[in-house]
Each structure stands twice: as structure tokens, then as C-alpha cells.
Amino acid sequence: MALAVSAIALASDLNGPVKAMPRIGASDLLIQPVGNNWPLYNGDYSGRRYSGLAQITPENVGQLRAEWIFHSPNSNLLEATPVVVNGILLMTSANDAFALDARTGRMLWHYSRPVTEGLVDDASSHHNRGVAILGTRVYMETDNAHLLCLDARSGHLIWDVPYALGNKNYGATSAPLIVENKVLVGTSAGDDGVRGFLAAFDAESGKEVWRFWTIPAPGEYGSSSWPGEMYLRGGATTWMPGTYDPELNTVYWGTSNPSPVFDGAPRPGDDLYANCVLALDAETGKLKWYFQFTPHDLFDYDATQTPVLIDGVFQGATRKLLVQANRNGFVYVLDRVNGKFLSATRFVDKLNWASGIDASGRPIRTSVEPTTTGTLACPGMIGATNWFSPSYNPSTHLLYFLALEQCELLFVKPQRFEEGQEFYATGSKHSRGDVARKLLMAFNPESKTFAWRYPQAGAGDSWGGTMTTAGGLVFFGNDSEAFEAVDAKTGKALWHFTTGQEMHASPMSYWVEGKQYVAIASGSDLLSFALP
């Protein structure tokens, strides 16, 4: 494949406003909370999307203004969260990577790679959610599941490793995660008949260190759900970044739904390890424990939502917690040391696939399932929430996430697997009379209560995530094409900026030359805001 790289020499810019190289060490990634830099997709390893910056407050956020806008030339719907290191911003759009002056938005270099033709489903849209950085190397996934290593100073390609072979339906849409000297990557196509996995590569050489297959092979624990060659088609992909606890040396990663999506007959049983959060040894990739949110999923309820890591008091004891607002309509609290189920709290009114969650964490299923004539399922296949990021503020002890009240008609029609084709076994339709509504939620995992709910004005189409700050704010993409800030304690609306474009990305914050910035991608643009 022909590659094209255009670059503006970064070295010349060191004499101008950019005064440092984009360099970060493995120890720098351990800093919590993040401040001047935003070095990972979620800011830090915990997935909290909490910035320690406090220059912007509820008292002055009304003065926030757009400082610069960067237009991406090759995408009309950005999904990336930028990474910022030493005043240099790194972002992706399709198979392209950009380095910008984080203060002005001026482009420093641009790596360009043609999009891949003939991909299936999400990968065919060429969405990319960002980069990872270690030392002076930048890592990104491509739409056809290659891991690229670029020189952070120039954008030049250092190495290119294809990591998903044997099935043309594989793709990739995530941002990698750096753990010590390893780069962790997953794939998309959980709806398209592939065998999911999480893989780790040596950050220096690009050689594979370990690989954990999320669908058991014949004879392995959990393989009874995958007769014949179904284990090669089972899904359970890892298409969003996970989180990491350095003290436990454990990686936490969510997996997608099984395939075929709406037809459970070819995959009897619980369908491990689909719809799970996996706890893996970061050094070896071996499974420590798993928790399955939706056994034998028939509704497309991926569990790839961010597993947020919180150290807090729960039921009178200090514990290491994992909290996830799940696509199935419940927000879960687990002990992340051993995976023990602690609680599940329903967060949407429209929920009919289960009547509750039992004491072991297993859903109490109703008779609702897809049929040939269509069955009303709540939430619909989009889910009660989705991949857009939650955030957690340690001062308020609240988890913030966007929820969707919506039902859909789900249909089933048996389908044979074919490469180059989706493997849904039919699909969904909007239910007449059902009015979708988006809400911003503030949930206290310790008390299992909601501090506040902020209903959105719109058609339920927003896919913008959240970010919270030490300044007492929550920033998020609302449901009326605006970037908004609310009071983290009360949910009071304080400021908004109408972009006029859909948001399918999550915000972040950084510091350059005495000023705090907040940024978010909207449509084909990246916007950065600061106080005057």
C-alpha cells in the first residue's frame, strides 16, 4: 500500500511558541490526576477523565471562548480524544495522525495513510479514537488493524505491524494503551463474525509479547458455547481502550457482544467471554478474573464502556472498586482485586429485557428477545449508554455519564457467516411512538444513588462523552450540538458553545503557558477553549 507523509519540520518550531519535544516516560503515565499533560485517551490509567486543573471554575466558566479550531480534511465525524504532551497535541482522523501546537492549533506535522477499501461495518467508516505515546514514539491503530509506530518529532513511520490476520472482517477503531514498555491493542468487528482478542506488543521493536483470545478454543473453559468453528466467529472484540491498576499490575478491558448478534441458537450458553470485563495480568496477559454483565446477549449490549477505577469506601470498608455504566441499563460496582460483584443500579426507566440483577450479579431475564416479527426491547441496540466516555470526580464522589432512554424493535433471521458481510442475523427498527431522550447522570457508587439528572433537549442523537475537573465542572457534548459545562455538584447549566455539528467524541483538558484549555472534537473539527 502506498503511503504518503507530509511534515512541517518540528525542529524549526522549537524557536517559536512550541518549546518542548513531545516526550513522555512510562513513569510519567502513572501521574494521577493529570494536570498540564493529557497523555492517555482517558487522561490517566484510572479511566476517570478527571483533570487536576482548576483555573476554569463555576464562577468564570461563562467567559470561556474558542481559542482555535483545527479542521480535519479527511473525516466528517471525528471520534478521537487528543493527547497533549509538553504543549504538543496529537490526534487522529481515519488513518491520519496530526501534531499541533496545543496553544494555537497550528499544524506541526501530518502523517497520511490511505483508507482501506472493502472493510466491514464500523471499520468501513474509518473511525479512529486517538493515539498513545511513549518516549518520542506515537502509536496508532489503522482501520484494517495495523499497529503503527511514528516518530513524535516528525511523524515519520518507524514500523508497521499487522496484528489481526485470518479473517477479512477484522478492523480497528480504538486508541492503543501503553502499559510499561508494551502497547496494548484490540479490534473491532464484534458484530461481524471474528474471534476477539487483546494483544500486547513491545513498544521498541513491535514484536508481540502476549495475546489473550476472548473466545475460548475447543476444550478450553467456556468453549461449550461455541460448537464446531463458532469460536472463530464469536465476536467479543475489544474495540475501546481499557484501564490499568499499576499496584495490582492488572489491565481491565471490556468486550463486545457475541456473533451472530441477534440469533442465539448457534452459540448456546453464556457465550464467554462476550459482554465481560476482563482482568488480565499486564505482564503475561493471563486471565485473573472476569465478570459477565449480559450472559447470552441477544440485544447488542457490548460491555466496552470504560471500566472506571476508584479507591473509595463501600459498605463501610475502603476498597479498590471498578465502576461501569453498562449498555444494558445498569451501573455496576465490582471489587477490582477479585472481581466480586458488589452492586448493580438501574439507571434508565425504559428497561424490559431484565427485571433486575440477582445477588451474584446475574441478570434476572424476562421473556423479551428478538423475533421474526419484531419484539420491543428496552434499551434498544444502541444501549442505555455506549462508548462515549464517563468521568469521575474524587471531590464530589460522583460518576458522570450520558444515558439514553429509548426502545427499539429487534428482529431475528438466521444467517450463515460470510467474509465481507456483517453477522447480525438481521437487526432493529425504530419503534413508532417511542421518543428518545438523553440525560446526563451523576451517580454516587458508594451510596448507589443519583445526586442529579440533567435531561437534554434533542432527539437522543448525541454521542459526546464527559470530562470533570478540579475546578468543580463537568464538560460534555450535549444533545443539541453544543459543548456544555455544568456544576459538578449540582448539575446546574453554566456555559455552552454551539458547534452546529454532531459530537461523537469526548472532551479533555491541558495547560500551556499559564492557561488551562479544554478541547473536544465536533464533526470534522477539533475545538479548543480557554479563558480570555
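If H397 passes every condition in (1) more than 21 Å from V323 (Cα to Cα); (2) surrounded by fewer than 20 Cβ atoms within 10 Å (Cβ to Cβ); (3) not small (G, A, S) but one, which one does it miss?
Only one criterion in (1) more than 21 Å from V323 (Cα to Cα); (2) surrounded by fewer than 20 Cβ atoms within 10 Å (Cβ to Cβ); (3) not small (G, A, S) is unmet by H397, namely (1).
Could you tell me which of the residues G433, G464 is small (G, A, S), assigned to a loop (DSSP other than H, G, I, E, B) and modelled with pLDDT of 95 or more? Before the answer, list the steps.
Working: G433 fails: modelled with pLDDT of 95 or more.
Unique residue meeting the criteria: G464.
Of everything in the stretch 91-105, what is touching a helix residue (DSSP H, G or I) at 6+ places or on another chain (Cβ under 8 Å) and either modelled with pLDDT under 95 or not aliphatic (A, V, I, L, M) (or both)? Give them in sequence order.
Residues of the stretch 91-105 touching a helix residue (DSSP H, G or I) at 6+ places or on another chain (Cβ under 8 Å): 99, 101.
Within the stretch 91-105, D101 is the sole residue that qualifies.
Only one of these is closer than 22 Å to L184 by Cβ, at pLDDT below 95 and not in a strand (DSSP E or B): P22, P73, P17. Name it. First the steps, then the outcome.
Values: P73 fails: closer than 22 Å to L184 by Cβ; P17 fails: closer than 22 Å to L184 by Cβ.
Step by step, each of P22, P73, P17 is checked, and only P22 is closer than 22 Å to L184 by Cβ, at pLDDT below 95 and not in a strand (DSSP E or B).
Any residue at all in the stretch 206-217 that is within 22 Å of the chain's Cα centre (by Cα) and of a type in the set (S, T, N, Q)?
Within the stretch 206-217, one or more residues are within 22 Å of the chain's Cα centre (by Cα) and of a type in the set (S, T, N, Q).
So in the stretch 442-461, with the set limited to residues that are not in a strand (DSSP E or B) and not polar (S, T, N, Q), which one is surrounded by the fewest Cβ atoms within 10 Å (Cβ to Cβ)? It would help to see each step written out before you state the result.
Going through the stretch 442-461, the residues not in a strand (DSSP E or B) turn out to be 445-448, 456-461.
Restricting the remaining residues to those that are not polar (S, T, N, Q) gives 445-446, 448, 457-461.
Working: P445: 24, E446: 17, K448: 15, A457: 10, G458: 15, A459: 12, G460: 16, D461: 16.
Only one residue fits best here, namely A457.
Among the listed residues R211, R267, identify the single one that is within 18 Å of F423 (Cα to Cα) and among the basic types (K, R). First the steps, then the outcome.
Values: R211 fails: within 18 Å of F423 (Cα to Cα).
Just a single option satisfies the conditions, and that option is R267.
In a strand (DSSP E or B), of a type outside the set (G, A, S) and touching a Lys or Arg at 6+ places or on another chain (Cβ under 9 Å) - does that describe any residue in the stretch 481-498?
Step one: list which residues in the stretch 481-498 are in a strand (DSSP E or B), which gives 482-487, 493-498.
Restricting the remaining residues to those that are of a type outside the set (G, A, S) gives 483-484, 486-487, 494-498.
Add one more test, that the residue is touching a Lys or Arg at 6+ places or on another chain (Cβ under 9 Å), and what stays is 486, 497.
The answer is yes; a qualifying residue exists.
What's the number of the only condition in (1) surrounded by 22 or more Cβ atoms within 10 Å (Cβ to Cβ); (2) of a type outside the set (K, R); (3) closer than 25 Å to A303 by Cβ; (4) in contact with a helix residue (DSSP H, G or I) (Cβ under 9 Å, 6 or more places away or on another chain) that S174 fails to meet?
Only one criterion in (1) surrounded by 22 or more Cβ atoms within 10 Å (Cβ to Cβ); (2) of a type outside the set (K, R); (3) closer than 25 Å to A303 by Cβ; (4) in contact with a helix residue (DSSP H, G or I) (Cβ under 9 Å, 6 or more places away or on another chain) is unmet by S174, namely (4).
Please enumerate the residues belonging to the stretch 194-232 that are touching a strand residue (DSSP E or B) at 6+ places or on another chain (Cβ under 7 Å), buried (at least 21 other Cβ atoms within 10 Å of the Cβ) and not hydrophobic (A, V, I, L, M, F, W, C).
Hits for the stretch 194-232 are R195, G196, T214.
So S124 ticks every box in (1) buried (at least 20 other Cβ atoms within 10 Å of the Cβ); (2) outside any loop (DSSP other than H, G, I, E, B) but one. Which box is left unticked?
For S124, the exception is condition (1).
Check E422, E408 and return the single one that is in contact (Cβ under 8 Å) with a residue 12 or more places away in the chain, touching a helix residue (DSSP H, G or I) at 6+ places or on another chain (Cβ under 7 Å) and either of a type outside the set (A, V, I, L, M, F, W, C) or surrounded by 21 or more Cβ atoms within 10 Å (Cβ to Cβ) (or both).
E422
I'd like to know if the stretch 113-122 contains one or more residues that are in contact (Cβ under 8 Å) with a residue 12 or more places away in the chain, under 22 Å from G427 (Cα atoms), aliphatic (A, V, I, L, M) and out of contact with any strand residue (DSSP E or B) (no Cβ under 6 Å at 6 or more places or on another chain). Full working, then the answer.
Residues of the stretch 113-122 that are in contact (Cβ under 8 Å) with a residue 12 or more places away in the chain, as a first pass: 113-116, 118-122.
Subsequent filtering for residues that are under 22 Å from G427 (Cα atoms) retains 118-122.
From what is left, the residues that are aliphatic (A, V, I, L, M) are 119-120.
If we keep only those that are out of contact with any strand residue (DSSP E or B) (no Cβ under 6 Å at 6 or more places or on another chain) too, we end up with 120.
Scanning the stretch 113-122, I find at least one residue that is in contact (Cβ under 8 Å) with a residue 12 or more places away in the chain, under 22 Å from G427 (Cα atoms), aliphatic (A, V, I, L, M) and out of contact with any strand residue (DSSP E or B) (no Cβ under 6 Å at 6 or more places or on another chain), so the answer is yes.
Considering only residues that are under 14 Å from S75 (Cα atoms) and among the charged types (D, E, K, R), which ones fall in the stretch 103-121?
Residue satisfying the conditions is R113 alone.
Out of T255, T294, which single residue is modelled with pLDDT of 95 or more, within 30 Å of E208 (Cα to Cα) and β-branched (V, I, T)? Steps first, please.
Working: T294 fails: within 30 Å of E208 (Cα to Cα).
Of the residues listed, the single one that is modelled with pLDDT of 95 or more, within 30 Å of E208 (Cα to Cα) and β-branched (V, I, T) is T255.
Picking from G339, G269, G312, which residue would you name as being modelled with pLDDT under 95, small (G, A, S) and surrounded by fewer than 24 Cβ atoms within 10 Å (Cβ to Cβ)?
On the way: G339 fails: modelled with pLDDT under 95; G269 fails: modelled with pLDDT under 95.
Answer to the check: G312.
If you check A354, A377, A359, which single one turns out to be without any contact (Cβ under 8 Å) to a residue 40 or more places away in the chain, over 30 Å from Y45 (Cβ atoms) and either buried (at least 16 other Cβ atoms within 10 Å of the Cβ) or touching a Cys at 6+ places or on another chain (Cβ under 6 Å) (or both)?
On the way: A377 fails: without any contact (Cβ under 8 Å) to a residue 40 or more places away in the chain; A359 fails: either buried (at least 16 other Cβ atoms within 10 Å of the Cβ) or touching a Cys at 6+ places or on another chain (Cβ under 6 Å) (or both).
Matching residue, one of A354, A377, A359: A354.
For the stretch 50-68, indicate whether the set of residues that are out of contact with any Phe, Trp or Tyr (no Cβ under 8 Å at 6 or more places or on another chain), modelled with pLDDT under 95 and not aromatic (F, W, Y) is non-empty.
no
Return the residues of the stretch 457-477 that are free of Cβ contacts under 8 Å to residues at least 40 places away in the same chain and either at negative phi or in contact with a Gly (Cβ under 8 Å, 6 or more places away or on another chain) (or both); say none if nothing qualifies.
Going through the stretch 457-477, the residues free of Cβ contacts under 8 Å to residues at least 40 places away in the same chain turn out to be 457-459.
If the condition is that a residue be free of Cβ contacts under 8 Å to residues at least 40 places away in the same chain and either at negative phi or in contact with a Gly (Cβ under 8 Å, 6 or more places away or on another chain) (or both), then A457, A459 are the ones that fit.
Could you please let me know if F475 is in a loop (DSSP other than H, G, I, E, B) and within 23 Å of S51 (Cα to Cα)? First the steps, then the outcome.
On the way: in a loop (DSSP other than H, G, I, E, B): no; within 23 Å of S51 (Cα to Cα): yes.
Considered against the rule, which asks whether it is in a loop (DSSP other than H, G, I, E, B) and within 23 Å of S51 (Cα to Cα), F475 comes out as no.
Answer yes or no: is there a residue in the stretch 300-307 that is surrounded by fewer than 24 Cβ atoms within 10 Å (Cβ to Cβ) and in contact with a Leu (Cβ under 9 Å, 6 or more places away or on another chain).
no
Exactly one condition in (1) more than 25 Å from A189 (Cβ to Cβ); (2) assigned to a loop (DSSP other than H, G, I, E, B) is not met by K438; state its number.
K438 satisfies all of (1) more than 25 Å from A189 (Cβ to Cβ); (2) assigned to a loop (DSSP other than H, G, I, E, B) except (2).
Exactly one condition in (1) in a strand (DSSP E or B); (2) free of Cβ contacts under 8 Å to residues at least 40 places away in the same chain; (3) in contact with a Phe, Trp or Tyr (Cβ under 6 Å, 6 or more places away or on another chain) is false for C149; which is it?
Of everything listed in (1) in a strand (DSSP E or B); (2) free of Cβ contacts under 8 Å to residues at least 40 places away in the same chain; (3) in contact with a Phe, Trp or Tyr (Cβ under 6 Å, 6 or more places away or on another chain), C149 misses just condition (2).
Considering only the stretch 287-308, I want to know if a residue exists there that is without any contact (Cβ under 8 Å) to a residue 12 or more places away in the chain and either of a type in the set (V, I, T) or more than 26 Å from L409 (Cβ to Cβ) (or both).
Here is the first cut: in the stretch 287-308, the ones without any contact (Cβ under 8 Å) to a residue 12 or more places away in the chain are none.
Looking for residues that are without any contact (Cβ under 8 Å) to a residue 12 or more places away in the chain and either of a type in the set (V, I, T) or more than 26 Å from L409 (Cβ to Cβ) (or both), one finds none in the stretch 287-308, hence no.
The values are calculated or read from the model by the stated rules, or taken from the named source; none is laboratory data. Every value quoted in this text rests on a predicted model; they were computed, and no experiment measured them. Using ideal geometry, Cβ is built from the backbone for each residue, glycine included, and neighbour counts are taken over all protein chains shown.
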